[in-house]
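Written out below as structure tokens is the structure these notes cover.
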Amino acid sequence: MVDVWCAQPSYSTLKRQPRHLVYKNINITYLRSTNFKKDHFFGRLMNYLTFTISVVLKLLFSKDKTPVFTHTTPPSLGIIISLVCKLKKRKFIYVLLDIFPDGMVRLGRFKDKSLLVKIWKKINKKAFKRCHQIVVIGRDMKKWLLNFYPAAQGKIQYIPLWQDEELIQPVEFEQNPFVTVHKLNKKFVVQYSGNMGLWNDMETLGKVTHFHWNDVHFMFIGGGMRKKELLTVLEKPVPEYVQLIPFLSNKEYANAVSACHVALVSLQKDLEGMAVPSKIIGIMAAGIPVIAVVPEQSEIASIVHEENCGLVVLPDDVHALKEAIEMLKNNDKLRKQMAQNGRLAFEKKYTTTMVAEKYKQLLEFIATDNRNNNEQF
């Protein structure tokens, strides 16, 4: 039996969930936590703090010895849990989704030589040392980790991001209900959908709309802390060929992601190894070609090149992004081939079923290791 501990939702909904429920033989517990809107710093901080306190208390008063998994949101959670797991003699598996404080340093938010960053990095190394296994979601992230903490060699597992193959399927553009509702018929649609978060380059995506397109419709779906950056860059008034839509439900998203001809993914410059935008997997699942505005050495760029499922443009290069959009718009054959390549790659590597199997194998490996050490799993 697997137990999952969650915070109350604060992403696409604020509807509080029941304390306990069972889903496909998985026990899910929503711990006591606030769920303020994530767009506001104070609210997000309170969400992090209350959830962390609930997790620590639950671990401290538990007699269970099963291994504990957690990821890097909030950034301090894994560090704290690694300490508690050491105290309680439980194995700890750390899933790295975002890298702090290094990502903040590269963004210019923190100075690398500041006392805070030096202490944080030192604490990170101690947390990595306490880990039984470390999961990275990008090969660029693995490269960073080995450079930062070479002793991690031997306990790193690369497991990619995923998408629910039952939720998202390719849908013909003209038959898509989202296209009908938003009157997108006969338009060439370029879409960005999802979180506009800390790592995303929304400025370049906004600036490309300045070319006063007559035959391209830009759709930005979602929100986040960098949405203000997008809104600031967009021309005033917002052109008719630019459409802004808030976060969608999973059901709406399943149709929306295929309601375009080209989809955009972005990552700020110099952030290779720091984060891997997950939206690319949903785009590939939908059979849509991608234009990735990302660093050349990033995991996203590697996926696009390896699978030939789109084009890579460097962050800040607005003219290159314009040319990439025009290339795919004017070449139906290339666009459709890239779309097909993306879908095939998704089916082979990135479905929920396949990635879940990798985590299952990791769990079995840890369980075997526990038995060999005469520990209860």
(Q) For region 28-42, give me each residue that is modelled with pLDDT of 90 or more and not in a strand (DSSP E or B). (A) LEU31, ARG32, SER33, THR34, ASN35, PHE36
Q.
Looking at (1) surrounded by 18 or more Cβ atoms within 10 Å (Cβ to Cβ); (2) under 18 Å from the mean Cα position of the chain (by Cα), which one does ALA356 not meet, given that it meets all the others?
A. (1)
Q: Would you check if there is a residue in region 304-311 being part of a strand (DSSP E or B), crowded, with 18+ Cβ neighbours inside 10 Å and either basic (Lys, Arg) or touching a helix residue (DSSP H, G or I) at 6+ places or on another chain (Cβ under 7 Å) (or both)?
A: yes
Q) From the residues in region 253-282 that are of a type in the set (S, T, N, Q) and not in a loop (DSSP other than H, G, I, E, B), which one is surrounded by the most Cβ atoms within 10 Å (Cβ to Cβ)? A) SER266
Q: Please give the number of the condition PHE100 fails out of (1) within 19 Å of GLY224 (Cα to Cα); (2) in contact with a strand residue (DSSP E or B) (Cβ under 8 Å, 6 or more places away or on another chain); (3) aromatic (Phe, Trp, Tyr).
A: (2)
(Q) Of the residues GLU357, GLU323, only one is at pLDDT 95 or above and in the same structural domain as ARG90 (by TED's automatic domain parsing); which? (A) GLU357
Q: Check every one of the helices (runs of 4 or more DSSP H) wholly within region 151-245 and list those with 3 or more residues that are modelled with pLDDT of 95 or more and surrounded by 18 or more Cβ atoms within 10 Å (Cβ to Cβ).
A: 202-207
Q) Within region 312-353, can you find the residues that are within 29 Å of ASP270 (Cα to Cα), assigned to a helix (DSSP H, G or I) and within 20 Å of the chain's Cα centre (by Cα)? A) GLY342, ARG343, ALA345, PHE346, LYS349, TYR350
Q: Just give me the residues in region 7-34 being without any contact (Cβ under 8 Å) to a residue 24 or more places away in the chain and surrounded by 17 or more Cβ atoms within 10 Å (Cβ to Cβ), in sequence order.
A: none
Q: Return the only residue of LYS37, LYS65 being on the phi < 0 side of the Ramachandran plot, in contact with a Gly (Cβ under 8 Å, 6 or more places away or on another chain) and surrounded by fewer than 16 Cβ atoms within 10 Å (Cβ to Cβ).
A: LYS37
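The values are calculated or read from the model by the stated rules, or taken from the named source; none is laboratory data. Computed from a predicted model, the values in this text were never measured in an experiment. Please note: Cβ atoms are built from the backbone with ideal geometry, for glycine as well, and neighbour counts cover all protein chains shown.
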